[in-house]
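Read-outs: derived from the displayed coordinates by stated rules, not from any lab. Just so we're clear, the structure is a prediction, and the values are computed from it rather than from any experiment. Cβ placement follows ideal geometry from the backbone for every residue including glycine, while neighbour counts extend to all protein chains displayed.
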Amino acid sequence: MRIDVVTIFPGYFDALELSLMGKARDRGLIDLHVHDLRDSAHDKHRTVDDTPTGGGAGMVMKPEPWGAALDGILVGAGAGSDAASEAGEQPLAEPAAEPLIIFPSPAGEVFTQAMARELAHEQHLVFGCGRYEGIDQRVFEEYAERGRVRLVSIGDYVLNGGEVASIAMVEAIGRLLPGVVGNPDSLVEESHEAGLLEYPSYTKPAEWRGRRVPDVLLSGNHAAIDAWRHEQSVERTRRVRPDLLGD
Ligand code: ADE
């Protein structure tokens with residue numbers, strides 16, 4: 001999967017060089033490109049924001065740098081790219097899938113495991129990280145008219161910008177790509193995969209500070225272990241997240 005990120009803080013994305021995401025990149029499973037929005041601002045101060053039209057607090061991100069940055073990424077990407085058709089070029093034998101642009105925003109639809117699974121089928125994702133009071137609305141309109149755009153929130157709280165939200169989404173999506181997680185069985189029993197929270201896990205020793213591992217897990221009876229784990233998942237979900245059970 002190809003992933004482009006546009007941000008004024010490229011350093012945030014150094015985190016994606018670590019651990020499983022770093023390995024997935026080294027192995028070519030995730031092709032991540034991070035772009036500094038200021039490289040697309042052409043005044044001497046590399047300005048990316050301005051005061052809100054109509055008044056109000058804070059600053060709004062200007063449309064021109066976003067237009068230049070996103071156009072630069074979209075050139076040549078996608079089956080019906082304007083650049084290719086305007087130049088009268090033959091379509092590629094294997095046309096690239098049209099990119100999906102995601103703008104992380106607390107005003108967006110809520111990101112879920114189901115959405116991560118859906119997005120893991122995309123070939124090309126572009127994350128546009130807004131800051132301040134957001135991005136000029138015309139940027140969303142322009143790219144929604146030309147292609148696919150989604151505003152996505154990672155939860156009902158407000159972050160300082162889209163960077164942390166993008167990292168969370170890239171990790172949730174990236175670990176679902178074939179080959180990224182070594183043992184794919186470990187993806188199956190996780191929280192949210194079956195609409196339930198994950199059951200509690202234990203390892204050795206069998207007793208630690210007087211706390212024993214539940215006997216059933218030491219019994220070797222796999223049917224009983226599966227049943228116990230399922231009960232624990234249901235009980236935990238009912239207690240912590242009854243909304244997931246529709247209660
Ligand atoms: N930007 C600021 N807050 C956010 C959130 N909760 N989700 C996604 N992007 C955001």
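Amide H contacts of residue 126 (H built 1.01 Å from N, in plane; Pro and chain starts excluded): 4, 100, 101, 102 sit under 5 Å, all sequence-distant by 5 or more or on other chains.
Charge tally around residue 25: other residues with Cβ under 10 Å, Lys/Arg +1 each, Asp/Glu -1 each, net -1.
What Kirkwood radius, in Å to one decimal, follows from the Cα pairs of the chain?
After inverting the mean inverse Cα-Cα distance, the result is 20.9 Å.
Approximating the spin labels as points 7 Å out from Cα along Cα→Cβ, the residue 194-to-residue 213 distance works out to 2.0 nm. Please check: in the Gaussian network model of the chain (C-alpha springs, under 10 Å), which one of 187, 119, 218 has the largest mean-square fluctuation. Largest GNM mean-square fluctuation: 218.
Taken over the range 192-244, the percentage of Cα pairs per 10 Å bin, counting from 0 up to the bin with the maximum distance, is 24, 44, 29, 4.
What does the net charge come to around residue 180 if you take all other residues with beta carbon closer than 15 Å to its beta carbon, with K and R at +1 and D and E at -1? That sum, taken over residues with Cβ under 15 Å, equals -1.
Against the main long axis of the alpha-carbon atoms of the chain, helix 137-146 sits at an angle near 90°. Here the 3J(HN,Hα) profile of the range 230-247, calculated from phi with Karplus coefficients 6.51, -1.76 and 1.60 at θ = phi - 60°, is 4, 4, 4, 4, 5, 4, 5, 4, 4, 6, 9, 9, x, 4, 5, 8, x, 7 Hz, Gly and Pro shown as x. The order of the peptides 31-39, 126-134 by mean Cβ neighbours within 10 Å, most packed first, is 126-134, 31-39. For the range 116-168, the square roots of the Cα gyration tensor eigenvalues, ordered a ≥ b ≥ c, give a/c of at least 1.5 with a/b no greater than b/c, which places it in the oblate category. Between residue 26 and residue 240, the modelled label-to-label distance comes to 3.2 nm, taking each label 7 Å out from Cα in the direction of the beta carbon.
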